[in-house]
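The values are calculated or read from the model by the stated rules, or taken from the named source; none is laboratory data. Note that the coordinates shown come from a computational prediction; the quantities given were computed from them, not determined experimentally. Using ideal geometry, Cβ is built from the backbone for each residue, glycine included, and neighbour counts are taken over all protein chains shown.
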Amino acid sequence: MDAMSPWPALIKRLRFLSCLKQSELAQQLGVDQGTVSRWERGVYVPDIPVQRVLRDMLQKLEPHIKPEVMEQMPVRVLLYDLREPGRLDCCSMPVAKDYEMDVRTMRQCNLEPLWTQSVRHMFEDICSTDEYKTSEIAMVKAVIFRISQKWYHITAMPLYASNQMMFTAAETAPPAGLSKDQCLVKIFTADELVS
């Protein structure tokens, strides 16, 4: 299992945003529920034709996400405006709890002064790439140390036709060989997501 594979997080995000159970997504894709479960656990990767379908489903769905929906998500989700790194457009309740703030108060809040060095490095790494400068980023996978004093796997995707990037964070074990000031970042282009 590749911890930096984008597919487990992509599939979970798609199911949450479209309110689909594993069995319902499986039916739409012509596979069984166990296959979707294995994709979400990172045991298997979807075949290339299925990857294209999943990517297209997300592209159609994500521009219509409302802040109220994102705020209710049970997972750590942050929506940043990439024109002004640090400015949070909205986030989910678990994130607000990490920052000890109200979820609505966090809208349009600048979190950059509160970033750990690891988070700062992640944003610098993303913004310094050619893919960022040419708007070719399809997904970012990262491992960072966050304000909650815990390590997180991060999956981030730009929302199509906007200057926003949605970050999803899931707690993970401390990675070997990485200090709290460092991060691990892998950037995928659209072509790499279906390879």
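Yes or no, residue by residue, for (1) on the phi > 0 side of the Ramachandran plot; (2) touching a helix residue (DSSP H, G or I) at 6+ places or on another chain (Cβ under 9 Å); (3) in a strand (DSSP E or B):
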site: Val69; (1), (2), (3): no, yes, no
site: Pro74; (1), (2), (3): no, yes, no
site: Leu78; (1), (2), (3): no, yes, yes
site: Pro85; (1), (2), (3): no, yes, no
site: Leu88; (1), (2), (3): no, yes, yes
site: Val95; (1), (2), (3): no, no, no
site: Asp102; (1), (2), (3): no, yes, no
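Exactly one residue out of Ala170, Ala176, Ala156 is surrounded by 15 or more Cβ atoms within 10 Å (Cβ to Cβ) and among the hydrophobic types (A, V, I, L, M, F, W, C): that is Ala156.
Cβ-Cβ contacts under 8 Å between residues 6 or more apart (or on different chains), taken from a first residue in the range 98-125 that is touching a residue at least 40 places away in the same chain (Cβ under 8 Å) to a second residue that is in a helix (DSSP H, G or I), are listed as Tyr99/Leu114; Arg107/Pro67.
Results for (1) in contact with a strand residue (DSSP E or B) (Cβ under 7 Å, 6 or more places away or on another chain); (2) closer than 29 Å to Arg107 by Cα; (3) modelled with pLDDT of 80 or more; (4) of a type in the set (Asp, Glu), shown as yes or no for each residue.
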| residue | (1), (2), (3), (4) |
| --- | --- |
| Val36 | no, no, yes, no |
| Arg41 | no, no, yes, no |
| Pro49 | no, no, yes, no |
| Arg55 | no, yes, yes, no |
| Leu61 | no, yes, no, no |
| Val77 | yes, yes, yes, no |
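The strands (runs of 3 or more DSSP E) falling completely within the range 111-195 that include 2 or more residues that are among the polar types (S, T, N, Q) map to 164-171. If you go through the range 7-62 and keep only what is touching a residue at least 24 places away in the same chain (Cβ under 8 Å), among the β-branched types (Val, Ile, Thr), surrounded by 13 or more Cβ atoms within 10 Å (Cβ to Cβ) and part of a helix (DSSP H, G or I), you end up with Ile11, Val36, Val53.
Residue-wise test of (1) crowded, with 17+ Cβ neighbours inside 10 Å; (2) not basic (Lys, Arg).
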site: Met93; (1), (2): yes, yes
site: Lys97; (1), (2): no, no
site: Arg104; (1), (2): no, no
site: Gln108; (1), (2): no, yes
site: Trp115; (1), (2): yes, yes
site: Val119; (1), (2): yes, yes
site: Glu136; (1), (2): no, yes
